[in-house]
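Heads up: the structure comes next, in C-alpha coordinates.
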Amino acid sequence: MVRIILLWIMSSLLCLAANAQVIHNGIPWFDEQGNIINAHGACIVEDGGRYWLFGEYKSDESNAFPGFGCYSSADLVNWRFERIVLPVQKDGILGPDRVGERVKVMKCPKTGEYVMLMHADDLGYNDPYIGIATSPTINGDYTLHGPILFDGKPLRHWDMGTFQDTDGKGYLLIHHGPIYRLSDDYRSIEAKVAHVEGMGESPAMFKKNGLYYLLTSNLTSWERNDNYYFTASSIEGPWKKQGYFCPEGTLTWNSQSTFVLPLRRDNDTIPMYMGDRWSYPHQASAATYVWLPMKAEGEKLAIPEYWDAWNAAKAEKKLSIQGREQVHNWISDKKGDCLEREFDGGRIAVVGKTDGNGGYATISISYANGKVLDKLFVDFYSKIPDEGLRFVSKNYPKGKYRLRIEVTGTQSAWYNKKKTIRYGSHGYLVNVTKTIEMEADV
Ligand code: DGJ
(Lines give C-alpha, C1' and ligand atoms only; values in the text may rest on other atoms or scores of the structure.)
Protein backbone atom coordinates (compact mmCIF):
# COMPACT_ATOMS: atom_id res chain seq x y z
CA MET A 1 0.00 0.00 0.00
CA VAL A 2 2.76 2.43 1.10
CA ARG A 3 4.60 1.62 -2.15
CA ILE A 4 1.54 2.39 -4.22
CA ILE A 5 1.04 5.72 -2.44
CA LEU A 6 4.73 6.59 -2.94
CA LEU A 7 4.53 5.70 -6.63
CA TRP A 8 1.38 7.81 -6.98
CA ILE A 9 3.05 10.80 -5.26
CA MET A 10 6.14 10.42 -7.45
CA SER A 11 4.16 10.21 -10.68
CA SER A 12 2.04 13.23 -9.69
CA LEU A 13 5.19 15.20 -8.94
CA LEU A 14 6.72 14.19 -12.25
CA CYS A 15 3.54 15.16 -14.01
CA LEU A 16 3.53 18.54 -12.27
CA ALA A 17 7.20 19.12 -13.05
CA ALA A 18 6.68 18.30 -16.72
CA ASN A 19 3.56 20.40 -17.02
CA ALA A 20 5.08 23.34 -15.22
CA GLN A 21 7.26 23.84 -18.30
CA VAL A 22 4.39 24.91 -20.55
CA ILE A 23 4.20 28.34 -22.18
CA HIS A 24 0.64 29.34 -23.13
CA ASN A 25 0.48 32.04 -25.76
CA GLY A 26 -2.04 34.87 -25.96
CA ILE A 27 -3.44 34.62 -22.43
CA PRO A 28 -2.54 36.47 -19.21
CA TRP A 29 0.32 34.92 -17.26
CA PHE A 30 0.67 35.09 -13.49
CA ASP A 31 3.86 35.48 -11.50
CA GLU A 32 4.79 33.55 -8.34
CA GLN A 33 2.70 35.97 -6.25
CA GLY A 34 -0.34 35.47 -8.49
CA ASN A 35 -0.09 38.92 -10.08
CA ILE A 36 -0.36 39.42 -13.83
CA ILE A 37 3.01 39.40 -15.58
CA ASN A 38 3.30 42.93 -16.88
CA ALA A 39 6.32 43.12 -19.19
CA HIS A 40 5.49 44.45 -22.65
CA GLY A 41 7.86 45.44 -25.47
CA ALA A 42 10.16 43.11 -23.55
CA CYS A 43 13.57 41.46 -23.74
CA ILE A 44 15.21 38.58 -21.88
CA VAL A 45 18.79 38.49 -20.61
CA GLU A 46 20.33 35.16 -19.60
CA ASP A 47 22.63 35.78 -16.65
CA GLY A 48 23.89 33.78 -13.68
CA GLY A 49 21.83 30.72 -14.62
CA ARG A 50 18.53 32.61 -14.73
CA TYR A 51 16.41 34.33 -17.32
CA TRP A 52 15.69 38.01 -16.62
CA LEU A 53 12.64 39.51 -18.29
CA PHE A 54 12.47 43.30 -18.64
CA GLY A 55 9.40 45.07 -19.98
CA GLU A 56 7.01 47.98 -19.93
CA TYR A 57 5.01 47.77 -16.71
CA LYS A 58 1.82 49.02 -18.35
CA SER A 59 -1.36 50.27 -16.70
CA ASP A 60 -4.95 49.58 -17.71
CA GLU A 61 -5.89 53.25 -17.50
CA SER A 62 -3.45 55.31 -19.54
CA ASN A 63 -0.48 55.02 -21.85
CA ALA A 64 1.73 57.11 -19.54
CA PHE A 65 5.01 55.47 -18.50
CA PRO A 66 4.50 53.66 -15.16
CA GLY A 67 8.03 52.21 -14.99
CA PHE A 68 10.02 49.29 -16.36
CA GLY A 69 9.72 46.00 -14.49
CA CYS A 70 12.03 43.03 -14.07
CA TYR A 71 11.08 39.37 -13.51
CA SER A 72 13.34 36.34 -13.21
CA SER A 73 12.87 32.66 -13.92
CA ALA A 74 14.83 29.42 -14.14
CA ASP A 75 12.63 27.96 -16.86
CA LEU A 76 10.90 30.78 -18.84
CA VAL A 77 7.54 29.68 -17.40
CA ASN A 78 7.52 30.36 -13.66
CA TRP A 79 8.40 34.02 -13.10
CA ARG A 80 9.28 35.90 -9.93
CA PHE A 81 8.62 39.63 -9.89
CA GLU A 82 11.91 41.27 -8.91
CA ARG A 83 11.01 44.96 -8.86
CA ILE A 84 10.35 48.10 -10.85
CA VAL A 85 13.93 48.70 -11.91
CA LEU A 86 13.29 52.11 -13.44
CA PRO A 87 10.33 54.04 -12.00
CA VAL A 88 8.71 57.24 -13.28
CA GLN A 89 11.32 59.99 -12.84
CA LYS A 90 10.72 63.37 -11.20
CA ASP A 91 11.24 65.06 -14.56
CA GLY A 92 13.14 64.59 -17.83
CA ILE A 93 12.57 62.15 -20.66
CA LEU A 94 10.83 59.60 -18.40
CA GLY A 95 9.13 62.05 -16.07
CA PRO A 96 5.38 62.14 -15.33
CA ASP A 97 3.01 61.84 -18.30
CA ARG A 98 5.64 60.62 -20.70
CA VAL A 99 5.87 57.39 -22.70
CA GLY A 100 8.52 54.73 -22.02
CA GLU A 101 8.70 51.74 -24.35
CA ARG A 102 10.68 48.76 -25.65
CA VAL A 103 13.15 48.55 -22.77
CA LYS A 104 16.21 46.48 -23.63
CA VAL A 105 19.05 45.45 -21.30
CA MET A 106 22.50 44.06 -22.08
CA LYS A 107 25.42 43.21 -19.80
CA CYS A 108 28.49 45.06 -21.00
CA PRO A 109 31.36 42.52 -21.19
CA LYS A 110 34.02 45.20 -20.62
CA THR A 111 32.60 46.90 -17.52
CA GLY A 112 30.27 44.20 -16.18
CA GLU A 113 27.61 46.91 -15.94
CA TYR A 114 24.01 46.36 -17.03
CA VAL A 115 23.02 48.88 -19.68
CA MET A 116 19.38 49.64 -20.39
CA LEU A 117 18.19 51.40 -23.54
CA MET A 118 14.63 52.50 -24.22
CA HIS A 119 12.31 54.71 -26.25
CA ALA A 120 11.14 57.79 -24.30
CA ASP A 121 8.54 60.18 -25.67
CA ASP A 122 5.68 62.52 -24.87
CA LEU A 123 2.13 61.21 -24.78
CA GLY A 124 1.53 62.34 -28.37
CA TYR A 125 4.76 60.62 -29.56
CA ASN A 126 6.12 63.99 -30.75
CA ASP A 127 9.24 64.20 -28.57
CA PRO A 128 11.13 60.93 -29.11
CA TYR A 129 14.49 60.03 -27.56
CA ILE A 130 16.50 56.90 -27.05
CA GLY A 131 17.36 56.91 -23.36
CA ILE A 132 20.13 55.14 -21.46
CA ALA A 133 20.23 53.89 -17.87
CA THR A 134 22.74 51.69 -16.04
CA SER A 135 22.93 49.50 -12.95
CA PRO A 136 25.77 47.53 -11.33
CA THR A 137 23.36 44.61 -10.74
CA ILE A 138 20.85 43.12 -13.11
CA ASN A 139 17.79 43.63 -10.92
CA GLY A 140 18.98 46.76 -9.11
CA ASP A 141 17.92 50.40 -9.39
CA TYR A 142 18.83 51.64 -12.84
CA THR A 143 20.12 55.22 -13.01
CA LEU A 144 18.73 57.11 -15.96
CA HIS A 145 21.42 59.20 -17.66
CA GLY A 146 19.08 60.84 -20.20
CA PRO A 147 19.19 60.60 -23.99
CA ILE A 148 21.98 58.63 -25.61
CA LEU A 149 24.04 60.88 -27.90
CA PHE A 150 25.49 60.39 -31.37
CA ASP A 151 27.89 63.07 -32.67
CA GLY A 152 26.98 65.07 -29.56
CA LYS A 153 23.26 65.09 -30.37
CA PRO A 154 20.40 63.01 -29.00
CA LEU A 155 18.89 60.41 -31.30
CA ARG A 156 15.34 61.57 -32.00
CA HIS A 157 13.90 58.15 -32.88
CA TRP A 158 11.21 55.90 -31.46
CA ASP A 159 11.04 52.07 -31.84
CA MET A 160 14.35 50.50 -30.96
CA GLY A 161 15.96 47.17 -30.14
CA THR A 162 19.38 45.91 -29.17
CA PHE A 163 21.66 43.12 -30.25
CA GLN A 164 24.77 41.72 -28.59
CA ASP A 165 27.11 39.94 -30.95
CA THR A 166 29.25 36.92 -30.06
CA ASP A 167 32.36 39.16 -30.03
CA GLY A 168 30.78 41.22 -27.22
CA LYS A 169 29.95 44.26 -29.32
CA GLY A 170 26.61 45.90 -28.59
CA TYR A 171 24.29 47.39 -31.21
CA LEU A 172 21.31 49.71 -31.14
CA LEU A 173 18.67 48.98 -33.78
CA ILE A 174 16.35 51.76 -34.83
CA HIS A 175 13.03 51.75 -36.68
CA HIS A 176 13.22 52.33 -40.44
CA GLY A 177 16.83 51.37 -40.83
CA PRO A 178 19.71 52.76 -38.79
CA ILE A 179 21.99 50.37 -36.89
CA TYR A 180 24.50 51.90 -34.44
CA ARG A 181 27.47 50.23 -32.78
CA LEU A 182 27.89 51.10 -29.11
CA SER A 183 31.22 52.04 -27.54
CA ASP A 184 33.12 49.39 -25.53
CA ASP A 185 31.40 50.50 -22.32
CA TYR A 186 27.98 50.52 -24.07
CA ARG A 187 27.35 54.01 -22.68
CA SER A 188 27.63 55.89 -25.94
CA ILE A 189 27.37 55.38 -29.67
CA GLU A 190 30.58 54.79 -31.58
CA ALA A 191 29.36 54.66 -35.18
CA LYS A 192 26.44 54.21 -37.49
CA VAL A 193 27.27 50.92 -39.20
CA ALA A 194 24.30 50.31 -41.51
CA HIS A 195 21.04 51.64 -42.80
CA VAL A 196 18.61 48.87 -43.73
CA GLU A 197 16.37 50.13 -46.53
CA GLY A 198 12.78 48.97 -46.21
CA MET A 199 12.82 48.45 -42.43
CA GLY A 200 9.73 49.20 -40.36
CA GLU A 201 9.19 49.35 -36.59
CA SER A 202 9.95 47.03 -33.64
CA PRO A 203 13.44 45.85 -34.70
CA ALA A 204 14.79 42.58 -33.24
CA MET A 205 17.98 40.79 -34.26
CA PHE A 206 19.67 37.43 -33.76
CA LYS A 207 22.49 35.45 -35.33
CA LYS A 208 22.57 31.78 -36.22
CA ASN A 209 25.35 29.89 -38.01
CA GLY A 210 27.05 33.17 -38.91
CA LEU A 211 23.95 34.70 -40.51
CA TYR A 212 22.25 37.77 -39.01
CA TYR A 213 18.46 38.00 -39.03
CA LEU A 214 16.62 41.29 -38.50
CA LEU A 215 12.89 41.23 -37.74
CA THR A 216 10.58 44.20 -38.18
CA SER A 217 6.91 45.17 -38.32
CA ASN A 218 4.92 47.51 -40.55
CA LEU A 219 3.72 50.82 -39.18
CA THR A 220 0.18 50.18 -37.86
CA SER A 221 0.25 51.63 -34.34
CA TRP A 222 -0.92 48.98 -31.80
CA GLU A 223 -2.54 46.91 -34.57
CA ARG A 224 -0.79 43.75 -35.65
CA ASN A 225 0.50 43.21 -39.19
CA ASP A 226 2.55 40.68 -41.14
CA ASN A 227 6.07 41.23 -39.79
CA TYR A 228 9.00 40.49 -42.10
CA TYR A 229 12.76 40.02 -41.95
CA PHE A 230 16.12 40.71 -43.54
CA THR A 231 19.32 38.68 -43.54
CA ALA A 232 23.00 39.62 -43.85
CA SER A 233 26.31 37.88 -43.33
CA SER A 234 27.68 40.98 -41.62
CA ILE A 235 25.90 43.60 -39.50
CA GLU A 236 27.27 46.26 -41.82
CA GLY A 237 25.28 44.62 -44.63
CA PRO A 238 24.32 44.32 -47.38
CA TRP A 239 20.93 43.43 -45.87
CA LYS A 240 18.61 41.38 -48.03
CA LYS A 241 14.84 41.72 -47.62
CA GLN A 242 13.36 38.25 -47.29
CA GLY A 243 9.61 38.44 -46.65
CA TYR A 244 7.25 37.26 -43.92
CA PHE A 245 8.33 34.77 -41.26
CA CYS A 246 4.77 33.75 -40.37
CA PRO A 247 2.14 32.70 -42.88
CA GLU A 248 0.76 35.74 -44.68
CA GLY A 249 -2.51 37.02 -43.26
CA THR A 250 -1.95 35.66 -39.75
CA LEU A 251 -0.56 39.09 -38.79
CA THR A 252 2.50 37.40 -37.28
CA TRP A 253 0.17 35.07 -35.37
CA ASN A 254 -1.51 38.24 -34.14
CA SER A 255 1.59 39.80 -32.58
CA GLN A 256 4.37 42.36 -33.09
CA SER A 257 8.05 41.49 -32.72
CA THR A 258 10.03 42.79 -29.76
CA PHE A 259 13.01 40.45 -29.19
CA VAL A 260 14.58 37.11 -30.07
CA LEU A 261 16.10 34.97 -27.31
CA PRO A 262 18.58 32.27 -28.36
CA LEU A 263 17.43 29.12 -26.51
CA ARG A 264 20.24 26.67 -25.87
CA ARG A 265 18.62 23.23 -26.21
CA ASP A 266 20.28 19.83 -26.93
CA ASN A 267 23.47 21.14 -28.59
CA ASP A 268 21.40 23.45 -30.74
CA THR A 269 20.41 27.09 -30.43
CA ILE A 270 16.78 27.74 -31.22
CA PRO A 271 15.78 31.37 -31.72
CA MET A 272 12.71 32.11 -29.61
CA TYR A 273 10.49 34.83 -31.07
CA MET A 274 8.98 37.20 -28.53
CA GLY A 275 6.02 39.29 -29.64
CA ASP A 276 3.35 41.54 -28.18
CA ARG A 277 -0.36 41.09 -28.69
CA TRP A 278 -1.31 44.63 -27.75
CA SER A 279 -4.71 45.54 -26.31
CA TYR A 280 -5.15 49.28 -26.12
CA PRO A 281 -6.27 50.73 -23.69
CA HIS A 282 -6.26 47.84 -21.15
CA GLN A 283 -2.65 46.83 -21.81
CA ALA A 284 -1.72 45.75 -18.28
CA SER A 285 -4.24 42.95 -18.06
CA ALA A 286 -5.45 42.30 -21.60
CA ALA A 287 -2.29 42.67 -23.73
CA THR A 288 -0.59 39.28 -23.90
CA TYR A 289 2.56 37.64 -25.19
CA VAL A 290 3.34 35.35 -28.10
CA TRP A 291 6.59 33.43 -27.66
CA LEU A 292 7.40 30.74 -30.21
CA PRO A 293 10.46 28.83 -31.40
CA MET A 294 11.55 29.87 -34.89
CA LYS A 295 13.02 27.72 -37.65
CA ALA A 296 16.12 29.36 -39.09
CA GLU A 297 17.79 27.48 -41.94
CA GLY A 298 20.05 29.57 -44.11
CA GLU A 299 18.08 32.52 -45.39
CA LYS A 300 14.79 30.83 -44.47
CA LEU A 301 13.17 31.93 -41.25
CA ALA A 302 9.72 30.73 -40.24
CA ILE A 303 7.18 30.15 -37.53
CA PRO A 304 5.04 27.85 -39.67
CA GLU A 305 2.48 26.94 -37.01
CA TYR A 306 0.90 28.68 -34.03
CA TRP A 307 1.30 26.72 -30.83
CA ASP A 308 -1.03 27.89 -28.09
CA ALA A 309 0.88 25.65 -25.69
CA TRP A 310 4.47 24.44 -25.88
CA ASN A 311 7.12 22.93 -23.70
CA ALA A 312 9.87 25.48 -23.03
CA ALA A 313 12.47 22.91 -21.99
CA LYS A 314 12.08 20.85 -25.15
CA ALA A 315 10.85 23.58 -27.53
CA GLU A 316 8.06 21.18 -28.54
CA LYS A 317 4.37 21.67 -29.17
CA LYS A 318 2.06 20.51 -26.35
CA LEU A 319 -1.51 19.43 -26.64
CA SER A 320 -3.67 22.29 -25.57
CA ILE A 321 -5.77 22.27 -22.43
CA GLN A 322 -7.46 19.01 -21.54
CA GLY A 323 -10.10 18.42 -18.91
CA ARG A 324 -13.82 18.45 -18.21
CA GLU A 325 -15.37 20.60 -20.91
CA GLN A 326 -18.62 22.49 -20.85
CA VAL A 327 -19.80 23.79 -24.22
CA HIS A 328 -21.46 27.22 -24.01
CA ASN A 329 -21.45 28.81 -27.48
CA TRP A 330 -22.42 31.97 -25.64
CA ILE A 331 -22.36 35.30 -27.52
CA SER A 332 -23.40 38.67 -26.22
CA ASP A 333 -22.54 42.34 -26.68
CA LYS A 334 -24.97 43.63 -24.06
CA LYS A 335 -23.20 45.40 -21.22
CA GLY A 336 -23.72 43.49 -17.96
CA ASP A 337 -24.67 40.15 -19.56
CA CYS A 338 -22.74 37.35 -17.97
CA LEU A 339 -21.90 33.69 -18.19
CA GLU A 340 -21.28 31.87 -14.92
CA ARG A 341 -19.96 28.47 -14.08
CA GLU A 342 -18.97 26.76 -10.85
CA PHE A 343 -15.84 24.71 -10.45
CA ASP A 344 -14.12 22.82 -7.66
CA GLY A 345 -10.66 24.37 -7.63
CA GLY A 346 -7.66 23.57 -9.78
CA ARG A 347 -7.56 25.67 -12.91
CA ILE A 348 -10.32 26.74 -15.24
CA ALA A 349 -9.78 27.64 -18.88
CA VAL A 350 -11.92 29.75 -21.22
CA VAL A 351 -11.95 29.13 -24.97
CA GLY A 352 -13.54 31.73 -27.21
CA LYS A 353 -13.70 33.42 -30.57
CA THR A 354 -12.25 36.82 -31.38
CA ASP A 355 -12.83 39.01 -34.42
CA GLY A 356 -13.16 42.61 -35.62
CA ASN A 357 -16.34 43.11 -33.55
CA GLY A 358 -15.01 41.75 -30.27
CA GLY A 359 -15.05 43.73 -27.04
CA TYR A 360 -13.66 43.47 -23.54
CA ALA A 361 -15.04 41.04 -21.00
CA THR A 362 -14.12 40.98 -17.35
CA ILE A 363 -13.33 37.54 -16.06
CA SER A 364 -13.58 37.03 -12.35
CA ILE A 365 -13.12 34.13 -9.98
CA SER A 366 -14.92 34.24 -6.65
CA TYR A 367 -15.70 31.98 -3.72
CA ALA A 368 -19.22 30.58 -3.55
CA ASN A 369 -20.03 33.35 -1.03
CA GLY A 370 -19.32 35.98 -3.70
CA LYS A 371 -15.92 37.19 -2.41
CA VAL A 372 -13.91 38.03 -5.54
CA LEU A 373 -10.43 36.52 -5.64
CA ASP A 374 -9.29 37.67 -9.07
CA LYS A 375 -10.68 39.93 -11.76
CA LEU A 376 -9.20 41.11 -15.03
CA PHE A 377 -10.02 42.27 -18.56
CA VAL A 378 -9.86 39.84 -21.47
CA ASP A 379 -9.98 41.14 -25.04
CA PHE A 380 -12.24 39.40 -27.59
CA TYR A 381 -11.00 41.65 -30.41
CA SER A 382 -8.67 40.53 -33.17
CA LYS A 383 -8.49 41.94 -36.68
CA ILE A 384 -8.34 38.41 -38.07
CA PRO A 385 -10.97 35.98 -36.69
CA ASP A 386 -9.61 33.33 -34.36
CA GLU A 387 -10.82 30.67 -31.97
CA GLY A 388 -8.61 29.59 -29.09
CA LEU A 389 -7.59 29.86 -25.49
CA ARG A 390 -8.52 33.23 -23.95
CA PHE A 391 -7.84 32.63 -20.27
CA VAL A 392 -6.40 30.03 -17.90
CA SER A 393 -6.90 30.76 -14.22
CA LYS A 394 -4.40 30.31 -11.44
CA ASN A 395 -4.39 27.02 -9.60
CA TYR A 396 -6.88 27.23 -6.70
CA PRO A 397 -7.01 24.77 -3.79
CA LYS A 398 -9.98 22.40 -3.66
CA GLY A 399 -13.19 24.25 -2.87
CA LYS A 400 -16.25 25.86 -4.40
CA TYR A 401 -15.54 28.63 -6.90
CA ARG A 402 -17.48 30.62 -9.46
CA LEU A 403 -16.15 31.78 -12.82
CA ARG A 404 -17.96 34.84 -14.17
CA ILE A 405 -17.49 36.30 -17.64
CA GLU A 406 -19.17 39.66 -18.02
CA VAL A 407 -19.68 41.83 -21.11
CA THR A 408 -18.26 45.30 -20.43
CA GLY A 409 -19.66 47.15 -23.44
CA THR A 410 -16.18 48.57 -24.08
CA GLN A 411 -13.73 47.81 -26.87
CA SER A 412 -10.11 47.97 -27.90
CA ALA A 413 -10.08 50.93 -30.29
CA TRP A 414 -7.68 53.81 -30.84
CA TYR A 415 -6.32 56.31 -33.35
CA ASN A 416 -2.90 56.61 -34.95
CA LYS A 417 -0.47 59.23 -33.70
CA LYS A 418 -1.79 61.89 -36.10
CA LYS A 419 -5.39 61.01 -35.14
CA THR A 420 -6.26 60.39 -38.80
CA ILE A 421 -6.76 56.60 -38.80
CA ARG A 422 -9.10 54.70 -36.48
CA TYR A 423 -7.95 51.21 -35.52
CA GLY A 424 -9.46 48.38 -33.55
CA SER A 425 -12.85 46.92 -32.87
CA HIS A 426 -16.23 47.95 -34.20
CA GLY A 427 -18.30 46.03 -31.65
CA TYR A 428 -18.53 44.75 -28.09
CA LEU A 429 -19.02 41.02 -28.62
CA VAL A 430 -17.87 38.43 -26.12
CA ASN A 431 -17.94 34.96 -27.63
CA VAL A 432 -17.25 32.00 -25.33
CA THR A 433 -17.36 28.59 -26.96
CA LYS A 434 -16.40 26.45 -23.96
CA THR A 435 -14.85 26.35 -20.53
CA ILE A 436 -12.59 23.56 -19.31
CA GLU A 437 -12.02 22.40 -15.76
CA MET A 438 -8.48 21.21 -15.91
CA GLU A 439 -7.45 17.84 -14.52
CA ALA A 440 -3.82 18.67 -13.85
CA ASP A 441 -1.76 21.74 -13.20
CA VAL A 442 -0.91 22.39 -16.85
C1 DGJ B 1 4.02 50.81 -32.52
C2 DGJ B 1 5.23 50.58 -31.71
O3 DGJ B 1 5.90 49.47 -32.17
C4 DGJ B 1 4.85 50.42 -30.25
O5 DGJ B 1 5.99 50.21 -29.49
C6 DGJ B 1 4.12 51.66 -29.82
O7 DGJ B 1 4.97 52.77 -29.89
C8 DGJ B 1 2.93 51.90 -30.70
N9 DGJ B 1 3.35 51.96 -32.08
C10 DGJ B 1 2.20 53.16 -30.34
O11 DGJ B 1 1.19 53.43 -31.26
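Per-structure values
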read-out: Strands (runs of 3 or more DSSP E) (entirely within the range 222-274) containing at least 2 residues that are crowded, with 22+ Cβ neighbours inside 10 Å; value: 228-232, 256-265
read-out: Some residue of the range 116-132 being more than 16 Å from the ligand (Cβ to nearest atom), in the same structural domain as residue 293 (by TED's automatic domain parsing) and not hydrophobic (A, V, I, L, M, F, W, C); value: no
read-out: Unique residue being touching a residue at least 12 places away in the same chain (Cβ under 8 Å), assigned to a strand (DSSP E or B) and more than 21 Å from residue 224 (Cβ to Cβ) when the list is 349, 361; value: 349
read-out: Residue 136 within 16 Å of the ligand (Cβ to nearest atom) and free of Cβ contacts under 8 Å to residues at least 40 places away in the same chain; value: no
read-out: Residue in the range 27-42 that is away from the ligand (no atom under 16 Å from the Cβ), more than 16 Å from the chain's Cα centre (by Cα) and part of a strand (DSSP E or B) present; value: no
read-out: Single condition residue 89 does not satisfy, out of (1) more than 16 Å from the ligand (Cβ to nearest atom); (2) surrounded by 19 or more Cβ atoms within 10 Å (Cβ to Cβ); (3) in a strand (DSSP E or B); value: (3)
read-out: Qualifying residue in the range 119-134 (condition: within 22 Å of the chain's Cα centre (by Cα), outside any strand (DSSP E or B), modelled with pLDDT of 95 or more and among the aliphatic types (A, V, I, L, M)); value: yes
read-out: Output for the range 93-110, where each listed residue is under 16 Å from residue 171 (Cα atoms) and over 23 Å from the mean Cα position of the chain (by Cα); value: 108, 109, 110
read-out: Residue that is charged (D, E, K, R) and either within 16 Å of the ligand (Cβ to nearest atom) or assigned by TED's automatic domain parsing to the domain that holds residue 390 (or both), where the choices are 264, 277; value: 277
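The values are calculated or read from the model by the stated rules, or taken from the named source; none is laboratory data. Here the structure is a predicted model, which is why all the values come from computation and not from measurement. Using ideal geometry, Cβ is built from the backbone for each residue, glycine included, and neighbour counts are taken over all protein chains shown.
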